[in-house]
Amino acid sequence: MPTMTYAEALCQSLLDTCEAEPNLIFIPAAFGGLSPHAKSFAPFYARFRDRIYPAPISEIALCGIGVGAAIAGLRPVIDVLSASFLYQGIAQVVNEAANVHYMTDGKTRCPVIFHAMQGVLPGEAAQHNRCLSAELWNSPGLEIVLPASPEDAAGLWKTAVASPNPTVFMDHQLLMGMTAEVPAHVEPIPFGQARVVRSGRDVTVVATLAVVERAVRAAEQVEASDSISVEVIDPRTLVPFDEETIVQSVRKTGRLVVADETIRSCGVAAEVVARVQERCWGDLKGPIQRVTLPDVPIPFSRPQEAVVAVTPEKIAQAVRLVARYQ
Amino acid sequence: MSALREVLRRMLFMRRFEEAVIALFERGDFEGHYHVYIGQEATALGALDAIPPTDYMYTTHRNHGHLLARGADPTGLMAEILGKVGGLVGGRGGSYHAAWPEGLVPVTSALVAGNIPQAAGTALAIKRKGTDQLVVCWFGDGAVEEGAFYETMNLSAMWKLPVLYLCENNSVPAPYRAMGQYPSSTHAARSLTDVVAPFGIPGHVVDGTDYEAVRQLVTELAARCRQGDGPQFVEARTSRWPGSYGLWPAQTGGPFDVRWVWEPAGAPEEVREWTASSDPIVLLGQRLAAAGQLDPEGLSQLDQEVKGEVATVVEEALAQEDAPAAQTLAHVFADR
C-alpha cells in the first residue's frame, strides 16, 4: 500500500468524486487552509477548475446558496474554511439546511456539504479556534463527519458526496501532514461506524479528530509507564453515532475517558458520557473522566494556551485516574 | 375583460380562504403565529400568471396567497395550516412552512430573508444545468433589512443568476403605490429600489394592487431573466390591510362585503378608507363595473360560489386526521 499524507489522500478522494459525480461543485475551495500541505491539493485545482466558484466573504449567502443548489439537484460543497467562520453562516446550516427534509415531510432533499477545518491551532486565539461539533450535534438533521486519518478522510469524503442529507465535513489543519498507508483505491466508509484505533483491556478512550492521535500517544505512554492497556475508539461521525462499538468496549474495560476539543459544558464529551452511563451503569468500575477545553475562550499567550490545550499528557493523567477504580 | 373577471373570482377565493383561516384560528382549530395575504392578492396572481409552472418559487411566512396563486390545492393548504395528515407537507410545516415540492416550491423558510440565498442557489443550479428556468423569490420589505439580502444581491449580480426578486412592500400609503420614492421608517434608503442599484440589479416599482401592471412587468422581466441578463428586483407596493396592523391577524371591520365595490363608504369605519383606496378586489371590481362587465347581482353570485368552494375546503380539511404522533421521528434524515 502506498504511504500518503492526509492531504494527499483527501485530494485523491476529491479527484475520484469529481470524476464520478458531475454535479459536485465547490463554493469556494480552500482545502488545507494555511497548512504547508495545502499545496497537495494542486492536482484537484488544476483538473477541476470549472467546478470551483471563487466567492466573496459572504458566509450566510454562500451557505444558503448551498441549500438552494442542493435542493435543485447539484452536490454543492460550501467551503467556509475555518469552523469558526461557520458562525457567520450558521442560520442557513442549523435552521435551514437541517430542517428542509423534516419540514417538507420528507419530500425535499438537501444534500449540501459544508466543509470546514476544525480544531485548536497554536496562536490563533479566541475567535479563530472555535470547535462547533457540539452546536451542530444539537441541531437534528445534520450529519457530522470528523475524519482523523488519511484513509478515513478519503473514505468518509466519498460517503459524504453520496449522502442525501446535509453533511458537515470537518477536517483539521494539523492533520494535513499526517502520513499512513492508504489503499490505492479507497472504498467509501459508511457513516456511523466507529474505528477501534487501538485495542486494549483496561481503559476505553473515545477521542475525535486531531485528539485521536494524541489519545494513541497517551495510550503508549501509560502502557510503558504503568502497564495500563488502553483501547482507543474514534467514532468518526457524530451523526450518525456508533454507540454500540463504544458500549461494547466499556462493557469490557469498565472504565472510560472521553477526549475532545469542544468546550466542556454541553460539549461532545458530555454527550458521550451521558449515553454511555445510560447503557453501562452496571459495567462501570468508576466515574468517567473528560479531557476537553475548559469553559474559557482560547487565549493567545503560550503559557495560557498550554493550560487549555487537550494534550496526550492530560489524557494519560485521566487514564491513570480511572485505572485506579477496581 | 372576461379574463379579468376570472382574476377577480380568484382574488375573492383567496380572500374568503384567509377569512376562513382567521375564523378557524379564533375558534381554536390551530395554534401558533400566522400571517395573511389580504390586500396583496393582485400581486401574487399578476406575477405568477406571468410565470410557467416549470419555474421554481420560494415563498415566506406570508405564503398562503403565493401558494394559491401558484395553483396549489386549496384543501391541501388548508389541511397544512390545520396540521392535518393531508396537508401539502403532511401537516409538518403549518402556515409558517407551507410548501409545495411537487409544484417546484421546494421548502418554505419562515425566517426573514432565509429564502433569499436559497433562491439564488437554485438559480445557480439552473444556470449550471443550462435550462431556461428561473426562480421567483418572494419576500417582504423587512427582508431588505437583513444582511443575507445584501450578500445575496452581490453574489447573484456577479454570477448573473436567473432570479426574480419580488419584494412586497405592504406598508405603503395609497398615494405612493404607483410611483416615486417612499421612505421606510426602518430603512435609511430613500426607496427600496435604490438599494439594489449599486449592484447593477435593475429595480422596478409597481402598484401591487394592479393585477395587469404586475403581470405585464413580470412578463417582461422574466423574459430578460431567461435571456441571461441576471437578476431583477421588483418592489410591489400595497397598503397594509387594517386587520394586519396587530401582532395577530384580526377580522377588522368584519368579513369583506362585495357591496363595498359599489359603495366603499358603506364599509365599517376601521376599514373604510383602506377599502376605498387600496383593496385590490374593490379596485378591480370597480374597473369591471365601469366597463359594464360586472353588476352587483353577478358579483354576489360569484361570491356565493366562492364561499361555497371555501366552505367545502374547510369541511374537507377539518375532516382529516391530525398528522399522527407515530410519524414524529420520521424524515429527520433522508434514506440513502
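Based only on Cα atoms, what mean projected area does the convex hull of segment A:3-181 have, in nm²?
On the way: hull surface 38.1 nm².
Directional mean of the projected Cα hull area for segment A:3-181 stands at 9.5 nm².
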Review point. Given H placed 1.01 Å from N in the peptide plane, which residues other than close sequence neighbours of A:Leu256 have an amide H under 5 Å from its amide H?
Key: A:Thr204, A:Gln289
Revision key, fill the gap. In terms of the alpha carbon gyration tensor, root eigenvalues a ≥ b ≥ c, rounded if a/c is under 1.5 and otherwise prolate when a/b exceeds b/c or oblate, segment A:175-250 is oblate
Review point. In straight Cα distance, which aspartates and glutamates are under 20 Å from A:Lys285, not counting same-chain residues fewer than 8 positions off?
Key: A:Asp202, A:Glu223, A:Asp226, A:Glu231, A:Glu243, A:Glu244, A:Glu271
Review point. Taking the Cα atoms only, what angle lies between the long axis of helix A:6-20 and the longest principal axis of chain A, rounded to 10 degrees?
Key: 40
**Study point:** Straight-distance crosslink candidates among lysines, where the alpha carbon sits under 23 Å from B:Lys307 and sequence neighbours closer than 8 are dropped
**Key:** B:Lys84
Revision key, fill the gap. Per residue of B:123-133, other chain Cβ atoms within 10 Å number on average 4
Point to revise | Rounded to whole Hz, the Karplus (6.51, -1.76, 1.60) HN-Hα couplings of segment A:256-268, x for glycine and proline | key: 9, 10, 10, 10, 6, 8, 8, 4, 4, 6, 6, x, 4
Practice item. Mind scanning A:Lys158/A:Lys252; A:Lys158/B:Lys129; A:Lys107/A:Lys158; A:Lys107/B:Lys160; A:Lys158/A:Lys314 and naming the pairs with a C-alpha gap bigger than 27 Å? Key: A:Lys158/A:Lys252; A:Lys107/B:Lys160; A:Lys158/A:Lys314
**Study point:** Whole-Hz ³J(HN,Hα) from phi, Karplus 6.51 cos²θ - 1.76 cosθ + 1.60, for segment B:219-233, glycine and proline x
**Key:** 4, 5, 6, 5, 5, 5, 4, 5, 6, x, 6, x, x, 10, 10
Point to revise | Percent antiparallel among DSSP beta bridges (both partners in the protein assembly as shown, rounded to 5) | key: 20
**Study point:** Between segment A:195-238 and segment A:1-63, the Cα center-to-center distance that results, in Å
**Key:** 31
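Could you please report the charge total around A:Ala306, scoring K, R as +1 and D, E as -1 over all other residues with beta-carbon less than 12 angstrom from its beta-carbon?
On the way: positive: A:Arg302, A:Lys314; negative: A:Glu305, A:Glu313.
Within the 12 Å Cβ shell, the charges total 0.
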Exercise for review: Amide H neighbours of A:Leu24 under 5 Å, at least 5 residues apart or on other chains, H built in the peptide plane: list them.
Suggested key: A:Arg75
Practice item. Provide the per-residue ³J(HN,Hα) series for segment A:107-121, in order, calculated from phi with Karplus coefficients 6.51, -1.76, 1.60 and θ = phi - 60°, each as a whole number of Hz, with x at glycine and proline positions. Key: 8, 10, 9, 9, x, 8, 10, 9, 10, 8, 9, 10, x, 6, 10
Exercise for review: Rank B:Leu329, B:Gly254, B:Gln304 by how far each Cα sits towards the positive end of the charge dipole of segment B:237-331 (+1 on Lys, Arg Cβ; -1 on Asp, Glu Cβ) and give me just the farthest.
Suggested key: B:Gly254
Review point. Once you sort the root eigenvalues of the Cα gyration tensor of the protein assembly as shown as a ≥ b ≥ c, which label holds: rounded (a/c under 1.5), prolate (a/b larger than b/c) or oblate (the other case)?
Key: prolate
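Could you give the dipole magnitude of chain A about its Cα centre, charging the beta-carbon of Lys and Arg +1 and that of Asp and Glu -1, in debye to the nearest 20?
Working: 27 positive and 35 negative charges, 77 e Å.
Value, rounded to 20: 360 debye.
Using the Cα gyration tensor of chain A, with a ≥ b ≥ c the square roots of its eigenvalues, what is the shape: rounded (a/c below 1.5), prolate (a/b larger than b/c) or oblate (neither)? Could the numbers behind the result be given before it?
Values: a/c = 1.67, a/b = 1.56, b/c = 1.07.
Taking the square roots of the gyration eigenvalues as a ≥ b ≥ c, chain A is prolate.
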Revision key, fill the gap. Most packed first (mean Cβ within 10 Å per residue), the peptides A:36-45, B:119-128 order as B:119-128, A:36-45
Exercise for review: Enumerate by residue number the chymotrypsin sites (Phe, Trp or Tyr not before Pro) in segment A:243-326 meeting two conditions: DSSP loop (anything except H, G, I, E, B), and at most 15 other Cβ atoms within 10 Å of the site's Cβ.
Suggested key: A:Phe300, A:Tyr325
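Read-outs throughout are calculated quantities, based only on the coordinates presented, and are distinct from any laboratory measurement. As the structure is a computational prediction, the values presented were derived from the model and not from experiment. Every residue, glycine among them, receives a Cβ derived from its backbone with ideal geometry; neighbour counts consider all protein chains shown.
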